[in-house]
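Note sheet for the following structure.
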Amino acid sequence: MATTDFIPSTRFRRLRQSPALRNMVRETQLSTHDLILPIFVDENLSERQEIASMPGVFRETEQSLSQCLQQSAHKGIQSFILFGVSHHKDGAGQDSMKKGGLLDRMISRAKDAVPDSAIIADTCFCEYTDHGHCGPLAENGDVDNDRTIENIAKQALISAEAGADIIAPSGMMDGQVGAIRAALNRSGFEQIPVMAYSSKFASTYYGPFRDAAGCALGQYEHVAKDRKTYQMDPANAEEALRETEQDILEGADMVMVKPGLAYLDILYRVKDTFQMPTFAYNVSGEYSMLKAAHAQGWLDYETTMMETLLSFKRAGADGILTYSANDAANILNQK
Ligand code: PBG
Ligand code: ZN
């Protein structure tokens, strides 16, 4: 005898019975066009070097950058964001504002290697400053906002002249988008879009990146060991919306939420509120955690990674910056 006489009429499982049915009703798709691959370029290396905390991710040499880009482009990835690993650092990060500096060289080389791809210039100073902060320091030891945005406009022009297709300021300085937009407009680059890291949180998920890019904080006694005076407090969602709105007012063409997984609520709200082209940064720590769990045999890297990337799309991302871009493209291409 049945213990209940309730027979469900609504049965969600009807549409889950076979791959064909599941494929028919799937709401969210991931494609290689959604993927943006970050690449590290070290000016001192003669051979590409795997990053210990990010298995499968390399510091490229200036020479190996070309092949690295071409191989990914061949898989269907069409946008790339470049990070310099500088060995010419000073208090202001002047190397990145110079013709012939690492930033200039790596952007030109990238553009030559894959002229049809979108080359995104990460626009910030922490990879080029000796203290590791995202701009020159004021007397009080904190980053000097207005000197930084003055410099960041110069850095953006170096990238634009080198052929960058998109300028992506990541320093969280007030007015950085406006300063860059004005400088680009004044110099004949009014067609170059700005992808603003609008809500970038002061996150410990960036740990492996700082290692990879050689921009760890803490080597100087008197200098802050975190970025909490400019990156956002992880507790604040309303402020993330105001940061994003301000970037849009200053001329941002695309906005970003960073990190990704722990900030899906922000991503959803940003997309829902502004309907802008919106990007999520699946940061270094998110990658490293998955790789570490995989190495222990606790999680399967590939399937967990694909589920994670899909979650960004479902939450509203138009694209994802991810160190897993090559792996994801390989999987998508097999389908
Ligand atoms: C530098 C920058 C950082 C990342 C991208 N650009 C590090 C930071 O702000 O400390 C983090 C990327 C990652 O963790 O994958 N402005
Ligand atoms: Zn920075």
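Every read-out reported here was derived from the displayed coordinates using simple, explicitly stated rules and does not represent laboratory data. On a predicted model such as this, the values are computed, not experimentally measured, just so you know. Cβ sites come from the backbone with ideal geometry, for glycine too, and all protein chains shown count toward neighbours.
Observations, loosely collected:
- Using θ = phi - 60° and Karplus 6.51 cos²θ - 1.76 cosθ + 1.60, couplings along segment 321-335 (whole Hz; Gly, Pro as x): 8, 8, 6, 8, 4, 5, 5, 5, 5, 4, 5, 5, 6, 6, 5
- Footprinting exposure proxy ranking of THR4, THR28, fewest other C-beta atoms within 10 angstrom first, gives THR4, THR28.
- For the chain, built as a Gaussian network whose Cα springs stay under 10 Å, the top-fluctuating residue of MET256, MET276, MET195: MET276
- GNM remark for the chain: springs join alpha carbons under 10 Å apart, and the peak mean-square fluctuation among SER96, SER79, SER203 falls on SER203.
- Here the Karplus curve 6.51 cos²θ - 1.76 cosθ + 1.60, taken at θ = phi - 60°, turns the phi angles of segment 119-129 into couplings of 9, 9, 9, 5, 10, 6, 10, 4, 7, 10, 9 Hz, with x standing for Gly and Pro.
- Segment 218-335 shape via C-alpha gyration tensor axes, a/c threshold 1.5: oblate
- Segment 30-334, dipole about Cα centre (Lys/Arg Cβ +1, Asp/Glu Cβ -1), debye to the nearest 20: 340 debye
- Amide H contacts of VAL85 (H built 1.01 Å from N, under 5 Å, at least 5 apart or other chain): VAL41, ASP42, GLU43
- Projected-area average for segment 52-161 over all orientations - Cα convex hull basis, square nanometres: 7.6 nm²
- Projecting the Cα atoms of GLN176, HIS294, ALA164 onto the dipole axis of the chain, where Lys and Arg carry +1 and Asp and Glu carry -1 at the beta carbon, places HIS294 farthest toward the positive end.
- Dipole of the chain, positive direction: furthest Cα of MET195, LEU35, VAL270, with charges on the beta-carbon: LEU35
- Across the options GLN246, CYS68, TYR206, the greatest Cα extent toward the positive end of the charge dipole of the chain (unit charges at beta carbon of Lys, Arg, Asp, Glu) belongs to CYS68.
- Average Cα contact separation per residue, the chain, under 8 Å, 6 or more apart, as relative contact order %: 18 percent
- DSSP beta bridge pairing in the chain, given as percent antiparallel to the nearest 5: 10 percent
- On the principal axes of its alpha-carbon atoms, the chain has extents of 82, 43, 43 Å, going from largest to smallest.
- The chain: most fluctuating residue of ALA202, ALA280, ALA121 per GNM, C-alpha cutoff 10 Å: ALA202
- Two-site label geometry, ASN44 and ASP5: point separation in nm, points 7 Å out along Cα→Cβ: 8.1 nm
- Put in line by how crowded their Cβ is, counting other Cβ atoms within 10 Å and starting with the fewest, MET254, MET173 read MET254, MET173.
- Those lysines that a straight Cα-Cα span of less than 19 Å connects to LYS200, excepting residues fewer than 8 apart in one chain: LYS225, LYS228, LYS258, LYS271, LYS313
- Along segment 248-255 the Karplus relation, 6.51 cos²θ - 1.76 cosθ + 1.60 evaluated at θ = phi - 60°, assigns HN-Hα couplings of 5, 4, 7, x, 4, 8, 9, 10 Hz to successive residues, with x for each Gly and Pro.
- The base-10 log of I(q)/I(0) for segment 279-323, evaluated at q = 0.13, 0.14, 0.29 Å⁻¹, reads -0.28, -0.32, -1.03 [Debye formula, identical scatterers on Cα atoms, solvent excluded].
- Burial ordering of VAL57, VAL85, fewest other beta-carbon atoms within 10 Å first: VAL85, VAL57
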